[in-house]
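Here the structure comes first, spelled out in structure tokens, and everything after it is commentary.
Just so it is clear, none of the values below were taken in a lab; they were calculated from the coordinates. These figures come from a predicted structure and were not determined experimentally. Please note: Cβ atoms are built from the backbone with ideal geometry, for glycine as well, and neighbour counts cover all protein chains shown.
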Amino acid sequence: MEVLTLDKFPKRVLAKIDIQRAFILSRLIIAAERLQLFRTLHDKPMTAAEIGKSLKIHELYLLSFLNTMVALGLLRRKNNLYRNTPFAEKYFIAERSIYWTRQYSKECVGAYERLTVLEQALGSGKRHHQIKDLAQPDYLERMKRDPREAEDFTQMLFYLHQGDAEALAGYLDLSQHRNVLDVAGGSGVMSIALANAKKNPHLRACILDIAPVCRIAAANARRAKLSRRIRTLTGDIHRGLPAGYDVIMFCDIGPIAMGLLQEAYEKLPPHGLAVLVDRYVSDDGTSPLDRLAAHFVGSGFGLATRGQMVDALKSCGFRRIKSKKVYQDVWCITGVKN
């Protein structure tokens with residue numbers, strides 16, 4: 001999935017956007033996604049009045065909102081009918097799932113709220129929820145309570161990480177391994193890509209995660225016709241890892257605690273493989289930009305560097321450690337138990 005960035009917009013639009021305006025306009029685009037404006041207009045041109053009634057947009061803002069989308073090159077207007085531009089169809093329909101539309105736009109709104117206290121956070125070292133006296137966000141608890149949120153969040157990540165997963169499957173040599181434990185494996189996107197690779201017909205995987213997420217992962221494995229080779233296991237990674245796997249994989253869960261890496265080492269058989277996949281910070285601390293920026297809007301991920309994770313594997317006893325950037329900003333770090 002190609003991420004929509006400012007450079008993709010038409011040059012005539014970019015020429016009008018300064019930093020302050022970009023902040024406002026991006027919020028308007030997020031509102032359009034949250035209201036599902038582009039999905040409403042997919043193959044169905046509508047008048048402003050029809051859009052306002054369908055999406056419950058007040059007449060005070062309706063025309064200026066729609067015409068701002070026209071000015072941005074996301075909608076076009078002809079004979080009082082609004083429709084998506086090919087640009088909007090590509091980025092908001094063809095390359096987005098409904099889960100992305102619902103969940104990611106909600107995540108963005110939360111980020112904007114957190115940025116309202118950025119100066120206080122920078123000065124105090126506190127998180128936004130401490131400054132605003134709010135409950136600390138807990139994705140796991142929210143997903144346990146709300147099946148819809150569990151589905152939206154998990155499936156959003158499934159679509160987001162497909163490129164990462166395909167790159168990982170192309171890079172990893174698992175010819176000498178048989179059983180993968182996908183720790184906090186979420187949607188199963190990584191396990192599905194590995195099992196689907198032609199070079200891995202022998203491979204079996206187990207996705208370890210909380211119960212609501214396991215149900216979604218199992219459904220994804222069924223759709224991929226891999227139910228016989230991919231199973232799920234309900235569990236808490238803080239309460240121990242199961243034995244019986246010759247590959248233990250940690251994907252997109254941020255820096256791995258030393259205790260968890262040490263347990264992985266102990267549970268692996270001789271010549272077992274640890275696999276770490278994430279957008280780790282560069283050793284000089286200046287990239288990737290999205291991971292650095294996420295630190296200021298409440299991301300639960302820490303800012304461990306690639307080098308720190310390599311050193312952590314070494315400290316736990318892993319040898320023959322390799323690290324390679326396999327896709328965009330995604331690093332794959334592997335270590336072998338002697």
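What to note about this one:
- Computed over the chain, the P(r) curve from all C-alpha pair distances, binned at 20 Å from the origin, holds 27, 54, 19, 1 percent per bin.
- When the Cα positions of Cys316, Ser287, Pro269 are compared along the charge dipole of the stretch 162-336, Pro269 comes out farthest toward the positive end, with charges on each C-beta of Lys, Arg, Asp and Glu.
- Backbone phi angles across the stretch 42-56, fed through the Karplus curve with coefficients 6.51, -1.76 and 1.60 (θ = phi - 60°), yield HN-Hα couplings of 5, 6, 8, x, 9, 6, 4, 4, 5, 5, x, 5, 5, 9, 6 Hz in residue order; Gly and Pro are listed as x.
- Where only C-alpha atoms are counted, convex hull volume of the stretch 6-94 per residue in Å³: 93
- Dividing the summed -39500 (n - 2.57) terms of all DSSP H runs of n ≥ 4 by the residue count of the chain sets its mean residue ellipticity at 222 nm at -12000 deg cm²/dmol.
- The GNM of the chain, with springs linking C-alpha atoms under 10 angstrom apart, assigns the highest mean-square fluctuation among Arg148, Arg223, Arg178 to Arg223.
- Only aspartates and glutamates eight or more places from Lys199 in sequence, or on another chain, were considered; those with a Cα closer than 13 Å are Glu166, Asp173.
- Too-long pairs where the Cα-Cα distance tops 21 Å, listed order kept, from Lys44/Lys90; Lys198/Lys314; Lys11/Lys56: Lys198/Lys314; Lys11/Lys56
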